[in-house]
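Before any comments, here is the structure.
The values are calculated or read from the model by the stated rules, or taken from the named source; none is laboratory data. What you are looking at is a predicted structure, and each value in this text was computed from that prediction instead of being measured. Here the Cβ positions follow ideal geometry from the backbone for every residue, glycine too, while neighbour counts run over all protein chains shown. Ligands, DNA and RNA are excluded from the accessible area calculation, which covers all protein heavy atoms including side chains. Shrake-Rupley method; radii C 1.70, N 1.55, O 1.52, S 1.80 Å.
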Amino acid sequence: MARPRKKSPPLTVSRPTLLRRGSDAQFRQLIHDLIAYGHRLDACRDAFAAIIGVSGVQYEILMLASRAEGLSVGEVAERLHRSGAFITIEANKLVQRGIIDKAADPSDGRRVLLKSNAKAQQLVERLAPHQRRINDVLFECLDSKRFAQLRALASDLVACGDRAIAMLELLMHEAEAA
């Protein structure tokens, strides 16, 4: 007896450029691959953070602060795509531990700048050999051209992601109201 043919699941995308022969299978695989790679990046971030005794987001704040003369909480939040309140809480933990400093912005006394200090630099120096080894492997499949392309694509995808999240929040609000 022949098995009944399974009905195809509904498409999860409608843009023709994302479909192949009317199927979203390649798109779905891309999503799964991006999520899997994101998990690996998170695991590396968390391991780097553990090596120096901070949380994952604190590591991200430290890495940004160590490469600037001073960044406002808002600038850090924007770069990390997190809320200012969340960054303030996590930065305060780093300040309490003496890992970064807070200082008034000389150009705008209302703003607070997060600044690297000697302890931060010591932690960054201690971590750098590990980062080099791991990051070289994480991105070993990229030549300079593909690296530049990936950087541009990632930036574009983050912007698209921000718009998608805004749309999703609106859809959720509409669903709650219904």
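For the stretch 17-31, the count of residues that are part of a helix (DSSP H, G or I), free of Cβ contacts under 8 Å to residues at least 60 places away in the same chain and in contact with a helix residue (DSSP H, G or I) (Cβ under 7 Å, 6 or more places away or on another chain) is at least one. Per the conditions (1) over 18 Å from the mean Cα position of the chain (by Cα); (2) surrounded by fewer than 14 Cβ atoms within 10 Å (Cβ to Cβ), the sole criterion not satisfied by Phe27 is (2).
Here are some residues: Glu140, Glu169, Glu174, Glu125. Which one is out of contact with any strand residue (DSSP E or B) (no Cβ under 8 Å at 6 or more places or on another chain), open to solvent by 90 Å² or more (accessible area, probe 1.4 Å) and within 22 Å of Ala50 (Cβ to Cβ)?
On the way: Glu140 fails: within 22 Å of Ala50 (Cβ to Cβ); Glu169 fails: within 22 Å of Ala50 (Cβ to Cβ); Glu174 fails: within 22 Å of Ala50 (Cβ to Cβ).
Only one candidate passes the filter, namely Glu125.
Selection of the stretch 64-79 for residues being in a helix (DSSP H, G or I) and either under 14 Å from Arg111 (Cβ atoms) or open to solvent by less than 30 Å² (accessible area, probe 1.4 Å) (or both) yields Ala65, Val73, Gly74, Glu75, Val76, Ala77, Glu78.
Of all residues in the stretch 80-97, which are open to solvent by less than 40 Å² (accessible area, probe 1.4 Å) and either outside any helix (DSSP H, G or I) or touching a Leu at 6+ places or on another chain (Cβ under 6 Å) (or both)? Listed by number, the list holds a single entry, Ala91.
Being of a type in the set (Ser, Thr, Tyr) and either closer than 24 Å to Arg163 by Cα or surrounded by fewer than 16 Cβ atoms within 10 Å (Cβ to Cβ) (or both) narrows it down to one of Ser107, Ser116, so name that one.
Numbers: Ser116 fails: either closer than 24 Å to Arg163 by Cα or surrounded by fewer than 16 Cβ atoms within 10 Å (Cβ to Cβ) (or both).
Selected residue: Ser107, the only one of Ser107, Ser116 that is of a type in the set (Ser, Thr, Tyr) and either closer than 24 Å to Arg163 by Cα or surrounded by fewer than 16 Cβ atoms within 10 Å (Cβ to Cβ) (or both).
Among all residues of the stretch 117-128, there is at least one that is under 14 Å from Ser66 (Cβ atoms) and outside any helix (DSSP H, G or I). For Arg3, the conditions (1) of a type in the set (D, E, K, R); (2) in a helix (DSSP H, G or I); (3) over 21 Å from the mean Cα position of the chain (by Cα) all hold with the exception of (2). Considering only the stretch 144-157, state which residues are of a type in the set (D, E, K, R) and surrounded by 10 or more Cβ atoms within 10 Å (Cβ to Cβ). Answer for the stretch 144-157, where residues must be of a type in the set (D, E, K, R) and surrounded by 10 or more Cβ atoms within 10 Å (Cβ to Cβ): Arg146, Arg151, Asp156. Only one of the numbered conditions (1) in contact (Cβ under 8 Å) with a residue 40 or more places away in the chain; (2) open to solvent by less than 90 Å² (accessible area, probe 1.4 Å); (3) part of a helix (DSSP H, G or I); (4) not aromatic (Phe, Trp, Tyr) is violated by Arg40, and that is (2). In the stretch 120-144, the residues that are among the polar types (S, T, N, Q) reach residues that are surrounded by 12 or more Cβ atoms within 10 Å (Cβ to Cβ) with C-beta atoms within less than 7 angstrom, at least six apart or across chains, in these pairs: Gln121/Ser66; Gln131/Phe48.
Of the set (1) under 20 Å from Asp42 (Cα atoms); (2) exposed (fewer than 11 other Cβ atoms within 10 Å of the Cβ), all apply to Gly161 but (2).
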